Structures are given as structure tokens and as C-alpha cells.
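Read-outs throughout are calculated quantities, based only on the coordinates presented, and are distinct from any laboratory measurement. Since the structure is predicted, the reported quantities are computational estimates derived from the model, not experimental observations. Please note: Cβ atoms are built from the backbone with ideal geometry, for glycine as well, and neighbour counts cover all protein chains shown.
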Amino acid sequence: MPQKSPIPIVLAGGRGSRLRPLTRSRPKPMVPVAGRPMIEWCLHSLREAGLDRATIVVGHQAEKIQAHLQDGKDIGLELDYVHQQPQLGSAHALSEALEAQGLPSSALVLGADNVIEPALLEDLIATGPDAIGVTKSNIPSRYGVVELDGDVITSLREKPLVEGQALISTGVYLLSRQALDPVTRLVREGTTDLPEVLASILAEGHTIEASLTTGRWHDAVYPWDLVPMTEHLLHLHQPADPDTLDAHPTATHVGQVQFDEGCRLGPQAVVEGPTSLSANTRLGAHAQVSSALLLEGVKIGRGAVVEDSVVGEAATIGADVTIGAAEAEVIAEDGQAHQLPRFGAIVGPGVEIGPGATLEPGTIVGANAEIAAGARLTGRIPDGGWVT
């Protein structure tokens, strides 16, 4: 690592609209995964990579992020904050940080919604002075695709129509003062997203290298991305049962399962990992949950089955409800269709699902929707919707 470490700039100001309905009541970086908000996992990786401070650019629901992280002492980082108002894109967020704090000699720029192994950051810093973390992906059209001449990036194309495996940008950037200098000018000229700004910097003749990472990287673009992210984190961190777990003697849990404080398992309830149960989650007798992320205060009724799904906070899933998993087509918030090899459903915060209902694989239920007993659902149910 260089003698003078780069200054991390963590972009945490966006609305997370593609992660709805899970971001209706909280900013995207504060969505909990495997026992911590996503932004905490990001900051812990910075610390483990040997960095001791970070600037966080906040915007949408900034007060919730700042109230949780405060000065960073509990994480082991010195944190300061820059407010992005209005939220006009990732390059605009970076520009706001640079205008507020001046041009550093080197900056490590990354999103707060990425789960990054420290090895990725270490590889990137070692590559410097200007580099982008890249990795191989089988779904490159979701990301920025990079093209190389040796180790030098020749082009960066955002979300192109590319099939098969390709190298993509992880959205983690090491940028020198020379590369950062044009950012504010380009933003003022109307380019507000960081990949487009970097493409312009490349076109102006600046050299940026690719750092092919040896570390794992996950980002949460859509709600279903939280399921493999949960699996990855639980595999790395091997959760232990908290002292406050209230499990009936006949309840069982197998594999990697994260229980937060105040969870309760009823008689013969079964939880199969990789699964994360956030604080005060309740499973009724004979309920079965596998490969799932349940947020705070979720109640799963007697005999209900939940597979490969994400359930938002304070949702109630009635007795004998079935949320099974299979190959599915899912329609995202932006209207795009996605084919998933195995998926259950997304249940938004505050949803109430009556006894005996069935959610077909690929269903997304909006926040505070009400589903009648015995209903059979597929597709998207809007926020506040009522299904009989």
C-alpha cells in the first residue's frame, strides 16, 4: 500500500428506487443484510483494508444514516459527511464532496450499497494511481462493460446490450488528483453520472488501468440481489446464535443462519440457511423458512413456507401461506423483465398476507398492501394494493 493512503469517498445519497419496495421507509444504504446495514459492511471493508477515515456523501434520508453511524467510532473509522442536495447522480455526489473538501491527492470512490471484500480494495490501491476495480460477469448488461488494451481501459460502456461473459466495472474507483480535476467541470456541463464522467476522462486522454479483483464483490441493484448477498456474507462471517434467541425445544435451524436480537421460533419451526432474521422476527409453529432475508419485526404464521425471498419490515405472513421458489421472470420497478434461475418473492414493508394465500415465484408485493386469505398472486402488486 502506498505511504499515503487514498481518502475514501462513499456515495450514499441516492433514493434506491430500483430496490423498492424495501426502500420506501429507509435509505438504500440502511437496508440490513446479514445483521448489518449495507453501508456498515462497506465501511468495515475499508477499515480491514487499512484505511482509517472516510467521507460519506449523504442526501435522501441523510439523518437516518448519520444517526446510525455518527462519528464512526464504533466501526473504527473517522467519518465526516457531505450533503448532496438535490440528488443529481453519482458524479454530482462526488463533485459535491470535492467542492466541500478540496481535491485530495488520491480518492477511493465507491457506493455504499456494495459489499466488497478488502482484497478488492487492496488490489485496487496497489494498481494505482488511477484504476477501476473490474470483475467478470455473466450478466454484463446490468453494469458498465470495460474494454482493455493490456491493463489499460480503452472504453467504459454503461449497460450495453452484451450477451455472455464480459469484464464489468465494480463501481469502485481509485482516482488521482489529475483524474479528479475534470469532475466538477464535467458535472457543470451536464454529465451527472460517474461512469459517463469517467468515459469522458478516458476520451480526453487520461490513462486509467483495470484492477482485476481477487476479492468477492456484490451489489444490490434490485431487491432479489439481497438473497445472494446474504449468502455471501453468512459464508464469510459464520454467524452465532444470540443469547436472546427464543427457540422452542422442537424448533430447528441448519446451515448458516443469522439471528438478530429478539427472534422467536415456535414449535417445530424450521430455518434453513443461508438465511438472515432481523430483530424481533417471529416464526409460528411448523413454519419453514429457507434462503431468505427477513427484516425487522416480520411475523411468519403457523405452517407458512418462505423460500428464496426477501420480506420487508413489519410484514405479516399468515398461517399456511406458501411462497415457493422456482425459475421465474421478475418485473423490476423500472419495468424491465429479469429471468432468475431460482427466486421466491419480494414482500414489502407493512404487508399483510391472509391465511392460505400463495405467492407465485417472481411476485413482488408493494409496501402496505393487503392480501386476502386464499388469494393467489403473481406479478407486481402496487404499494397499498388490495387483492381478494
- Message: Helix 194-203 against the longest principal axis of the chain: what's the angle in degrees, Cα atoms only, rounded to the nearest 10?
- Response: 30
- Computed ³J(HN,Hα) along the stretch 277-284: with the Karplus parameters 6.51/-1.76/1.60, θ = phi - 60°, integer Hz and x for glycine or proline, the list is 10, 6, 4, 6, 6, 10, 10, x
- Does anyone have the angle between helix 226-237 and the longest principal axis of the chain? Alpha-carbon axes, 0 to 90°, nearest 10? 80
- Query: Rounded, prolate or oblate: which one fits the stretch 7-221, using the alpha carbon gyration tensor with axes a ≥ b ≥ c (rounded when a/c is under 1.5, else prolate when a/b beats b/c, else oblate)?
  - Reply: rounded
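Ranking Ser176, Ser105, Ser276 by Cβ neighbours within 10 Å, fewest first, what do you get?
In increasing order of surrounding Cβ atoms, one gets Ser105, Ser176, Ser276.
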- Per-residue [θ]222 nm for the chain (sum of -39500 (n - 2.57) over DSSP H runs n ≥ 4, rounded to 500): -5500 deg cm²/dmol
- Query: Order of Asp320, Asp151 from fewest to most other C-beta atoms within 10 Å?
  - Reply: Asp151, Asp320
- Task: Counting only C-alpha contacts under 8 Å and six or more residues apart, can you give the relative contact order of the stretch 278-368 as a whole percent?
- Result: 24
- Item | For the stretch 147-157, Karplus couplings with θ = phi - 60° (6.51, -1.76, 1.60), whole Hz, Gly/Pro x | 10, 10, 10, x, 9, 8, 6, 9, 7, 9, 10
- Which whole-number percent gives the relative contact order of the stretch 116-199, counting Cα pairs below 8 Å spaced six or more residues apart? 32
- Amide H to amide H under 5 Å from Gln258: which residues, 5+ apart in sequence or cross-chain, H placed 1.01 Å off N in plane? Thr275, Ser276, Leu277
- Task: Output the pairs from Lys64/Lys299; Lys4/Lys159; Lys73/Lys299 with a Cα-Cα distance over 31 Å in this structure; if there are none, say none.
- Result: Lys4/Lys159; Lys73/Lys299
- Message: If you fit an axis through the alpha-carbon atoms of helix 38-48 and take the longest principal axis of the Cα set of the chain, what angle between them do you get, 0 to 90°, nearest 10?
- Response: 50
- In whole percent, what relative contact order does the stretch 13-70 give with Cα contacts below 8 Å and a gap of six or more residues? 40
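Within the stretch 217-291, which GluC sites (Glu not before Pro) sit in a loop by DSSP and count at most 16 neighbouring Cβ atoms inside 10 Å?
Glu261
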- Quick one: which residues, 5+ away or cross-chain, put their amide H under 5 Å from the amide H of Ser155? H built at 1.01 Å from N. Glu147
- Message: Return the equivalent ellipsoid semi-axes of the chain as a descending list in whole Å, where each equals the square root of 5 times an eigenvalue of the C-alpha gyration tensor.
- Response: 38, 22, 19
